[in-house]
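Down below is the structure, laid out as structure tokens.
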Amino acid sequence: MDKDKPISLVERLKRIALEQKRESVAVKPADSLIVQCPQCGAGRAKRDGLTKCAYCGYEFIATQLSDGIIMKEEDNSK
């Protein structure tokens, strides 16, 4: 009589989990595009400007940019 009884959901999930192929986990470093300050190690914050570090004041870009299509001269470090 036990053979006619349907398998419970938990038992079916256990069987499926045991039948699955185990794949190895590949660990690789994250591909990050964040620029860190070479002086203090802080991330480059866009809201404080792209030309200097918001925390220690280190200058990433020492030249002043001129008026362009998107950026204006007065907005270079904001």
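The values are calculated or read from the model by the stated rules, or taken from the named source; none is laboratory data. Computed from a predicted model, the values in this text were never measured in an experiment. Heads up, the Cβs are rebuilt from the backbone with ideal geometry, glycines too, and the neighbour counts pull from every protein chain shown.
Odds and ends about this structure:
- Of all residues in segment 24-52 being surrounded by 10 or more Cβ atoms within 10 Å (Cβ to Cβ) and aliphatic (A, V, I, L, M), the one that is modelled with the lowest pLDDT: A45
- Matching option when the condition is part of a loop (DSSP other than H, G, I, E, B), basic (K, R) and modelled with pLDDT of 85 or more, among K5, K21, K14: K21
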